[in-house]
Amino acid sequence: MLKNVNRVIFSLCLVIVSACTTKDLEPALANRITMVTSGDVSLVSATYAWHQTMFSVHTKNKQDEEPLRDHLRQSVNKVMAAKGYQQVALTDSPQMLIGFGMALESEMSDTEILAKAGLVPGLSTHGVDSKLEKGSVLIAFFNPLVKEPYWRVLAQGFTDHNKSVDKRAERFDDLSKVMLSAIPSR
């Protein structure tokens, strides 16, 4: 009798397990972000301005570059304002400067990013849909009197460069929040 009960339980388990479905992992891969930071956030100051030369964007479509710059600046400004920091004009002697860079993998390799930024998260593209391309975003904080950043964060994720800039830019607010999460509120 006990053997029959065990067989029934075993059979039920097989039916339950075989009824499970698998879920496509591609959406999870498309939303994956890898990030690396370097520096000292205790040096972050109350007022900031945008760095006068560090705002490069490297994309396949050069017409997208200015809108992408604007979207990232707006997103960073929102996060910094929510944390209590004040943006001022460069002529108003800001206590820090913020610069950034963005690049698609087809325009700048991880090796080139490492040489220029000194950081690379190394996000793997293995198994990712070919319509998606790895993109990198760097945000760096500077003392206005020093050329090297005292804090920086570099994130890599996937983007569909065939989508319009506005559709891709919707993710900038979330990305900026994640990238600047280490910056303390004032």
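The values are calculated or read from the model by the stated rules, or taken from the named source; none is laboratory data. None of the values given here were measured: they were computed from a predicted structure. Glycine gets a Cβ as well: all are built from the backbone with ideal geometry, and neighbour counts include every protein chain shown. In case anyone asks, the SASA skips ligands and DNA or RNA and just uses the protein heavy atoms, side chains included. Shrake-Rupley method; radii C 1.70, N 1.55, O 1.52, S 1.80 Å.
Per-structure values
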quantity: Residue match in segment 146-160 (condition: among the polar types (S, T, N, Q) and part of a loop (DSSP other than H, G, I, E, B)); calculated: no
quantity: Members of segment 25-51 found to be in a helix (DSSP H, G or I), out of contact with any strand residue (DSSP E or B) (no Cβ under 6 Å at 6 or more places or on another chain) and either modelled with pLDDT under 90 or surrounded by 16 or more Cβ atoms within 10 Å (Cβ to Cβ) (or both), listed by number; calculated: GLU26, PRO27, ALA28, LEU29
quantity: Given (1) modelled with pLDDT under 85; (2) open to solvent by 20 Å² or more (accessible area, probe 1.4 Å); (3) touching a His at 6+ places or on another chain (Cβ under 8 Å); (4) not charged (D, E, K, R), index of the condition ALA169 fails; calculated: (2)
quantity: Residue identified as assigned to a strand (DSSP E or B) and within 26 Å of LYS167 (Cβ to Cβ) among GLY127, GLY135; calculated: GLY135
quantity: Flag if LYS163 is farther than 18 Å from HIS58 by Cβ and open to solvent by 70 Å² or more (accessible area, probe 1.4 Å); calculated: no
quantity: Meets criteria (more than 13 Å from PHE142 (Cα to Cα), buried (at least 16 other Cβ atoms within 10 Å of the Cβ), at pLDDT 90 or above and not aliphatic (A, V, I, L, M)) for GLN95; calculated: no
quantity: When residues of segment 125-143 are limited to those that are over 18 Å from the mean Cα position of the chain (by Cα) and touching a residue at least 60 places away in the same chain (Cβ under 8 Å), the one least open to solvent (accessible area, probe 1.4 Å); calculated: PHE142
quantity: Count of residues meeting criterion [among the hydroxyl-bearing types (Ser, Thr, Tyr) and at pLDDT below 90] in segment 52-61; calculated: 2
quantity: Residue in segment 52-67 that is assigned to a helix (DSSP H, G or I) and open to solvent by less than 40 Å² (accessible area, probe 1.4 Å) present; calculated: yes
quantity: Test: ASP64 is at pLDDT below 90 and in contact with a helix residue (DSSP H, G or I) (Cβ under 6 Å, 6 or more places away or on another chain); calculated: yes
quantity: Filtered residues of segment 111-124 (kept if farther than 22 Å from SER75 by Cβ, touching a residue at least 40 places away in the same chain (Cβ under 8 Å) and either of a type in the set (Asp, Glu) or not in a loop (DSSP other than H, G, I, E, B) (or both)); calculated: none
quantity: Residue list for segment 135-164, filter: of a type in the set (A, V, I, L, M, F, W, C) and touching a Leu at 6+ places or on another chain (Cβ under 6 Å); calculated: LEU138, PHE142, LEU154, PHE158
